[in-house]
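Input: a single structure, listed below in structure tokens.
The values are calculated or read from the model by the stated rules, or taken from the named source; none is laboratory data. Just so it is clear, the structure is predicted and the values come from calculations on it, not from any experiment. Methodologically, a virtual Cβ is constructed for each residue, glycine included, from the backbone with ideal geometry; neighbour enumeration extends over all protein chains shown. Surface areas here come from the heavy atoms of the whole protein model, side chains and all, with no ligands, DNA or RNA. Shrake-Rupley method; radii C 1.70, N 1.55, O 1.52, S 1.80 Å.
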Amino acid sequence: MTQRITPMLAQYRQIKARFPDAIVFFRLGDFYETFDQDAQTTSRELELMLTSRSFSKDLRLPMAGVPHHHVQSYIAKLIDRGYKVALVEQLEDPKKVKRLVKRDVVRIITPGTVVEDALLSAKHENFMAAIVRSNPPQKTGKEANAYGLALIDLSTGEFATTQIEEAEAEAKLLDELQRIQVSEYVLPPSLMGDEPFIARLKAIRPARLSPIDEQAYNVNSARQALIEHLGVSTLDACGCEHLPLAISAAGATLHYLKRNLTTGGATTPLKHVNRLWTFSLADYMILDASTRRNLELSSSLHEGGHSPHTLFNVLDHTVTAMGARLLRRWVSQPLLDPAPIHARLDAVDELDHTAFLRRDLRRLLDGLYDVERLVGRIGFGNANARDLIALKRTLLRLPQIKARLAQTSSAHLRELENSLDPLQDVAGLIDHAIIDEPPIFVREGGLIKDSYDHSLDQLRQQALNDKQWLSELEEKERQKTGIKKLRLSYNQVFGFFIEAPRSAAALIPKEYERRATTTHTERYVTPELKAREAHILATEDRIKGMEYDLFAQVRGAVAGHSARLQAAARILAQLDVLCALAEAAAQFNYTRPVVDDGDTIEIRQGRHPVVERFMREGEQFVPNDIRLDRDSQRLIILTGPNMSGKSVLVRQVALIVLMAQMGSFVPAEFARVGLTDRIFTRAGASDDVARGRSTFLVEMNEVSYILRHASPRSLIVLDEAGRGTSTYDGISLAWAIAEEIHDIVGAKTLFATHYHELTRLEEALGPTVKNYTMAVAECGNQVVFLRQVIPGSAAKSFGIHVAQMAGLPGRVIGRAEDVLQGLEHDREPEQPTQLVREERAVYDARAELWHSLFQQLALIDIANLTPLQALNLLNEIQLKIKET
């Protein structure tokens, strides 16, 4: 027997069946309601009261609702938790229909398709990523799978793609995803079913996983979809015509957007997604997750990552949201090409030394609206009239910015000026049509200026005539009845009516028809008023409808200029970042670094950019000199007690290198930076309890990653490597790691350690290893940390002194000193490095054997080898291996 349910529930279920994976917010009057499982989910996630409602004799469903005017804040919380939301609106005025109101989905919102300002962070990009893997996956070589990666920020229209097919492709993909911090992944079934791969994605950041058909990644259909959407003949202009995986990922992104943005039978316009650009990871310095975390580039290690003690916050003197987002990208993507680095440095140099220019440009940029996201909402089709006015006010400043840039001399600033389109035609279009202070809602009228449209002007004149008629009617009836307090009013329930005091009931004419009674008044209508009411209301509805249509036309016309607007936004963002870097340089006494193709990192009087900004009052940062190069000082062993400044020193070198290659001035008296392909850091203790990994295992994993990925052009910063295990194990490992980096990897390295035994590496490995220590002054039983790096090695660790400074009880300190004296007196001289040397000899012998075997195998003509000859050869190789 079919269960009878209400028409409203039947309507809801039809919509829910179309979007089973979404939480459906169903508009009922002034509330958005959720039902059944959706209600239980929203009640739990949003901490709402769970109620219920009967929909038939035997059917009662859970319900949870939110007020319509607060819906965005609730949706934001669900989106932040990775949910997909379908927003269902009433498409008719309930007061004008006597049947069930038409409803349909007007917006599908997922974490990666957000465009609403209320759901976004102004200083963070919001990327969705589509990923495809070579199919079938390659199994030969070291992580030989190739990947296609497409990224889109729907709020700004930025659309990019790349193909990663080198060795360690998956590791490079994960590093890039770690940098981007995407909010949603679009994945084919082959990747959705790869549990280890999904686990690695989730380890980066909790993000929504959205499956899509494998067919969406078909390279031919993807290419055709991209060509049609972008309006190009080939993808050569996009740079990806010969990158099939990049094309597949980009096409899948477009397919996903169009499928999810189709509501009510209509597809949401994507006019602002008009440019696809192809990038290569080889153009940027790669920074793995550990390095980003340890250097605290944009997230601090303290206060749950919300501390302001980050490089981004120190440099963030931007005055626009789009500038702040670009600065965050520059910080996380240092360049590898000297030309753009020098171009940025030239621009910062001029802005630094020309204070009036910098002040004028910052003043003109300050207060500009977020053009990138304004264009996103306009192209998406949900911008309101206030958005257009905000855009107009921003565009009106462009001629002044352009004129001020024309007075600059650096090539990069002049290029920005030449490329900056003033867009005054677009500003004029908006100014001609939209009033300066429009209402929020676009369907309630009051948007369009007088004289913009002749037909609208005629309707408005008719409405004015109607208002005049109503005013004259009110005065006529007042004179006719003699009721001085008689007035003509309107509300949505009764329409137009005449209101008079109840005390004047005797004066009411017979033709008046009573409509309602209140405490002190009576409400009436007259035949004349009823006859004119329909005409008046129809005129008002026509005005509202026509104003909305005209506004939509203007918005569409502005959207047609999306590419020009986005180009201007990119220039404004760059200018804002360059001014911000110059402002930081001027305020904090930064200097221009020398960036070249050499192999030297030389820093004189260098400072840590973050630590010096957040020092306690009265403290002064002690600058230091450091030099690293391949031929004379490749590996520095840095010793010294806790709190002496070792960790600050090694990190400040890494940060100065990074700042130089992003195009920023640096905190130093002088800095020369030879182009560095990667920066690696290993610092601090970090248990991974959830995955059952100890501090030491995490540390060794990170060191292993460094040894496998570093090159002679890399900078390695190791802070206390090997300390997570027993002393001798730690020393042995630290020694072997240092040897491997020095002899095999060849990278420039700062090795901060408490293991004084490692200072013997200076003698063991030769002149390219140097010992340095942090200077300490002893005054009786007191220790003063001078924070100064000097040649040599630390005499002792001063650990007990540091413990005393930390406030350990005196009896504990005294007992520790007694135990230390006993250990130092009784301990026999150890040679913890002897085993390392022996193992190293074995390693070198095996390395020599493998080299000879590889040469032997390379010369074999396999095509002309008989089975017996092959067996003999294999036996010979096996014997050699066993002998070693």
**OP:** Kindly check whether there is at least one residue in the stretch 57-68 that is at positive phi and either part of a helix (DSSP H, G or I) or modelled with pLDDT under 90 (or both).
**Re:** no
The one condition L396 fails out of (1) closer than 18 Å to D431 by Cα; (2) within 23 Å of the chain's Cα centre (by Cα); (3) of a type in the set (A, V, I, L, M, F, W, C); (4) at pLDDT 95 or above is (2)
Of the residues in the stretch 712-737 that are at pLDDT 90 or above and either open to solvent by 10 Å² or more (accessible area, probe 1.4 Å) or not in a loop (DSSP other than H, G, I, E, B) (or both), the one that is farthest from L675 (Cα to Cα) is L718
Over the stretch 301-311, the set of residues open to solvent by 10 Å² or more (accessible area, probe 1.4 Å) and either of a type outside the set (A, V, I, L, M, F, W, C) or modelled with pLDDT of 90 or more (or both) is H302, E303, G304, G305, H306, P308, H309
Would the stretch 608-621 turn up any residue that is touching a Pro at 6+ places or on another chain (Cβ under 6 Å) and under 30 Å from R404 (Cβ atoms)?
yes
Checked the stretch 8-30 for anything surrounded by fewer than 15 Cβ atoms within 10 Å (Cβ to Cβ) and in contact with a helix residue (DSSP H, G or I) (Cβ under 8 Å, 6 or more places away or on another chain); matches are G29, D30
So, first residue open to solvent by 20 Å² or more (accessible area, probe 1.4 Å) in the stretch 76-96, second residue aromatic (F, W, Y), Cβ within less than 6 Å, six or more apart or across chains; the pairs are L87/F25
Restricting the stretch 54-75 to residues that are under 30 Å from K202 (Cα atoms) and not aliphatic (A, V, I, L, M), the one most open to solvent (accessible area, probe 1.4 Å) turns out to be Q72
Within the stretch 610-653, the count of residues that are assigned to a loop (DSSP other than H, G, I, E, B) and charged (D, E, K, R) comes to 6
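One line per residue, one yes/no per condition, for (1) aromatic (F, W, Y); (2) within 25 Å of L270 (Cα to Cα); (3) surrounded by fewer than 18 Cβ atoms within 10 Å (Cβ to Cβ):
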| residue | (1), (2), (3) |
| --- | --- |
| L335 | no, no, no |
| A339 | no, no, yes |
| D352 | no, no, no |
| E372 | no, yes, no |
| V375 | no, yes, no |
| A385 | no, yes, no |
| L395 | no, yes, no |
| Q407 | no, no, yes |
| S410 | no, no, no |
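Could you tell me whether Y83 is out of contact with any Phe, Trp or Tyr (no Cβ under 9 Å at 6 or more places or on another chain), modelled with pLDDT of 90 or more, of a type in the set (F, W, Y) and within 18 Å of R208 (Cα to Cα)?
Values: out of contact with any Phe, Trp or Tyr (no Cβ under 9 Å at 6 or more places or on another chain): yes; modelled with pLDDT of 90 or more: yes; of a type in the set (F, W, Y): yes; within 18 Å of R208 (Cα to Cα): yes.
Spelling it out, Y83 is indeed out of contact with any Phe, Trp or Tyr (no Cβ under 9 Å at 6 or more places or on another chain), modelled with pLDDT of 90 or more, of a type in the set (F, W, Y) and within 18 Å of R208 (Cα to Cα).
Confirm whether E184 is open to solvent by less than 70 Å² (accessible area, probe 1.4 Å) and closer than 21 Å to I23 by Cα. Quick ask: steps written out before the conclusion?
Working: open to solvent by less than 70 Å² (accessible area, probe 1.4 Å): yes; closer than 21 Å to I23 by Cα: yes.
Answer is yes for this residue.
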Of the residues in the stretch 418-463 that are more than 15 Å from A552 (Cβ to Cβ) and of a type in the set (A, V, I, L, M), the one that is most open to solvent (accessible area, probe 1.4 Å) is I440
Scanning the stretch 312-329 residue by residue, the ones that are in a helix (DSSP H, G or I) and open to solvent by less than 20 Å² (accessible area, probe 1.4 Å) total 8
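Considering only the stretch 282-299, state which residues are surrounded by fewer than 18 Cβ atoms within 10 Å (Cβ to Cβ) and either in contact with a Lys or Arg (Cβ under 9 Å, 6 or more places away or on another chain) or polar (S, T, N, Q) (or both).
Residues of the stretch 282-299 surrounded by fewer than 18 Cβ atoms within 10 Å (Cβ to Cβ): 282-283, 289, 299.
Within the stretch 282-299, A289, S299 meet the criteria.
Which members of the stretch 767-778 meet the condition of being open to solvent by 20 Å² or more (accessible area, probe 1.4 Å) and closer than 10 Å to L635 by Cβ? Even if it seems obvious, please write down each step before you answer.
Of the stretch 767-778, the ones open to solvent by 20 Å² or more (accessible area, probe 1.4 Å) are 767, 770, 772, 776-778.
Residue satisfying the conditions is K770 alone.
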Restricting the stretch 34-53 to residues that are farther than 16 Å from K84 by Cβ and outside any helix (DSSP H, G or I), the one least open to solvent (accessible area, probe 1.4 Å) turns out to be F35
How many residues of the stretch 248-265 are in contact with a helix residue (DSSP H, G or I) (Cβ under 8 Å, 6 or more places away or on another chain) and either over 28 Å from F19 (Cα atoms) or not aliphatic (A, V, I, L, M) (or both)? The answer is 4
Only one of (1) touching a residue at least 60 places away in the same chain (Cβ under 8 Å); (2) more than 27 Å from the chain's Cα centre (by Cα) does not apply to A563, and that is (2)
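Having 2 or more residues that are touching a residue at least 40 places away in the same chain (Cβ under 8 Å) and open to solvent by less than 80 Å² (accessible area, probe 1.4 Å) is the bar; report the strands (runs of 3 or more DSSP E) wholly within the stretch 464-550 that clear it. So that I can check it myself, show each step before the final result.
Working: elements: 487-491, 495-501, 513-517, 521-525.
Result: 495-501.
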If we ask which residues in the stretch 576-609 are among the charged types (D, E, K, R), assigned to a loop (DSSP other than H, G, I, E, B) and either within 17 Å of V789 (Cα to Cα) or without any contact (Cβ under 8 Å) to a residue 12 or more places away in the chain (or both), their number turns out to be 1
